[in-house]
Amino acid sequence: MIYLDYQATTPVAPEAREAMLRWLGEDGFANPHSPHRPGRAAAAAVEVAREQVAALLPPGGRVIFTSGATEALNLAILGCGARRMAVSAIEHAAVLDTARFADPDRVVLPVSADGLVDAAAPIQAGTGLVALMQVNNEIGTIQPVEALAEAAHAAGALFLCDAVQAAGKLAPPANADMIAISAHKLHGPKGIGALWVRDGLALTPLIHGGGQEQGLRSGTLSPALCAGFGAAAALCTSLRESDGQHVESLWQQARALFVGWTLNGSANQRWHGNLNIRRDGLDVARLMSDCRSLAFSAGSACASGSGRPSHVLRALGLSDREAKTAIRIGFGRYTRAEDLERAAAAINAAANSQ
């Protein structure tokens, strides 16, 4: 199996797996909220991990561990107290659905045919929260998050950034008020994410109970998940330059291998580990059936199997028919050039046979 679905999830780094094992064995199972010696050792591991994750985020602020980015985004949107919201048309469902729940009249910021929000998009007076993802999970476009954060602040609004696809790859927006990230999108374990909150910003908790995680997220933390997240984050810090160079090389290779396909979204203002392409008349379901030895996707894993056209591709102006002819190929740290070449040959052969 050749794995090319890095936007859905990433392979767990061996170093992250090793960091987790200690806290799954006989000597590391203690509750990190217990006052005894094993508990304090587990708590110390959690705090080391918190510092490692914080290194991916702006200076200052605080990191709150959550079950994943979806919970982090819910905590930010529902916990900040904003009543009027603005979100982009291509946000992840974790933002779109939560914002719709919180504010049925929310403003939806459009995107260009290249999949970019206008950096000068006006923010209406009275808006309490603007939410914009840094890198889109379907088409990889890099949004002008710092400019929109500045516009949000000028309008008196808070700015929330979904940095799930960007964390560990790109510098975070320095002027955000809240940033959500997920461990399993940067070679860490599933089941843990984090919300970064700037200093001085108070949130209302969604989960009540024992008051863990600074009173914002009651429940017993998993030292193993925290340690895995921390180790993965530390690797992203140390390998960021080499990871970026590797992805850029794969991107150039992939563009040459998929001549004749149409790229969805900007070619330049995007994370180059995301190749979203389409081909007229393509039957994607048949293509994926013919390429069972490859792991790639037809869009967001969260919407997979729904049969609905991608809301992201429709926001670019594509018709439902065009949107249903797109595939997403994602690659990164552990992708080999020879695997990408074999995968492209199989996909092209299957597409040409239709």
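For this structure, a couple of remarks:
- Condition check for residue 43: closer than 22 Å to residue 205 by Cα and over 25 Å from the mean Cα position of the chain (by Cα): yes
- Long-range neighbours under 8 Å by Cβ, at least six apart or interchain, first residue closer than 17 Å to residue 312 by Cβ within region 91-108, second open to solvent by 40 Å² or more (accessible area, probe 1.4 Å) and not in a helix (DSSP H, G or I): 99/106; 100/106
- Filtered by the rule that a residue be touching a helix residue (DSSP H, G or I) at 6+ places or on another chain (Cβ under 7 Å), crowded, with 18+ Cβ neighbours inside 10 Å and of a type in the set (A, V, I, L, M), region 31-55 gives 42, 45, 46, 49, 53.
- Filter result (over 12 Å from residue 203 (Cβ atoms) and assigned to a helix (DSSP H, G or I)) within region 46-72: 46, 47, 48, 49, 50, 51, 52, 53, 54, 69, 70, 71
- Within region 175-187, the set of residues being open to solvent by 10 Å² or more (accessible area, probe 1.4 Å) and within 16 Å of residue 130 (Cβ to Cβ) comprises just one member, 175.
- Flag: residue 287 does not match the condition of being touching a residue at least 24 places away in the same chain (Cβ under 8 Å), under 20 Å from residue 333 (Cβ atoms) and open to solvent by less than 10 Å² (accessible area, probe 1.4 Å).
- Only one of the numbered conditions (1) under 27 Å from residue 225 (Cβ atoms); (2) more than 16 Å from the chain's Cα centre (by Cα) is violated by residue 106, and that is (1).
- Of all residues making up region 87-109, the number that are outside any strand (DSSP E or B) and among the β-branched types (Val, Ile, Thr): 3
- Considered as a group, the residues in region 302-324 that are in a loop (DSSP other than H, G, I, E, B) and open to solvent by 70 Å² or more (accessible area, probe 1.4 Å) include one that is modelled with the highest pLDDT, and that residue is 324.
- Close pairs from region 35-60: first under 16 Å from residue 173 (Cβ atoms), partner open to solvent by 40 Å² or more (accessible area, probe 1.4 Å) and in a loop (DSSP other than H, G, I, E, B), Cβ under 6 Å, at least 6 apart: 58/174; 60/199
- Qualifying residue in region 150-165 (condition: without any contact (Cβ under 8 Å) to a residue 12 or more places away in the chain, out of contact with any Leu (no Cβ under 9 Å at 6 or more places or on another chain) and over 19 Å from residue 217 (Cα atoms)): no
- Test: residue in region 25-41 that is in a helix (DSSP H, G or I) and either in contact with a Cys (Cβ under 9 Å, 6 or more places away or on another chain) or among the β-branched types (Val, Ile, Thr) (or both): no
- Region 249-274 - residue that is touching a residue at least 60 places away in the same chain (Cβ under 8 Å) and in a strand (DSSP E or B) and, of those, farthest from residue 6 (Cα to Cα): 270
- Filter result for the condition that a residue is open to solvent by 10 Å² or more (accessible area, probe 1.4 Å), modelled with pLDDT of 95 or more and aliphatic (A, V, I, L, M), over 135, 164: 164
- Residue count for region 110-123 under the criterion of being surrounded by 16 or more Cβ atoms within 10 Å (Cβ to Cβ) and part of a loop (DSSP other than H, G, I, E, B): the result is 5.
- Options 193, 140, 230; residue that is touching a strand residue (DSSP E or B) at 6+ places or on another chain (Cβ under 7 Å) and either over 22 Å from residue 109 (Cβ atoms) or surrounded by fewer than 21 Cβ atoms within 10 Å (Cβ to Cβ) (or both): 193
- Breaking point among (1) crowded, with 19+ Cβ neighbours inside 10 Å; (2) touching a Ser or Thr at 6+ places or on another chain (Cβ under 9 Å), for residue 272: (2)
- First in region 63-89 and open to solvent by 20 Å² or more (accessible area, probe 1.4 Å), second anywhere and part of a helix (DSSP H, G or I), Cβ under 7 Å, 6 or more apart: 70/94; 74/98; 78/98; 78/102; 89/315
- Every residue from region 132-149 that is within 10 Å of the chain's Cα centre (by Cα), in contact (Cβ under 8 Å) with a residue 60 or more places away in the chain and not in a loop (DSSP other than H, G, I, E, B): 135
- Whichever residue in region 204-213 is in contact (Cβ under 8 Å) with a residue 40 or more places away in the chain and more than 24 Å from the chain's Cα centre (by Cα) and, among such residues, is most open to solvent (accessible area, probe 1.4 Å): 210
The values are calculated or read from the model by the stated rules, or taken from the named source; none is laboratory data. Note that the structure is a prediction, hence the values are computed from the model and not measured. Virtual Cβ from ideal backbone geometry, glycine too; neighbours counted across all protein chains shown. For the accessible areas, the whole protein counts, side chains as well, though only heavy atoms, and no ligand, DNA or RNA atoms are used. Shrake-Rupley method; radii C 1.70, N 1.55, O 1.52, S 1.80 Å.
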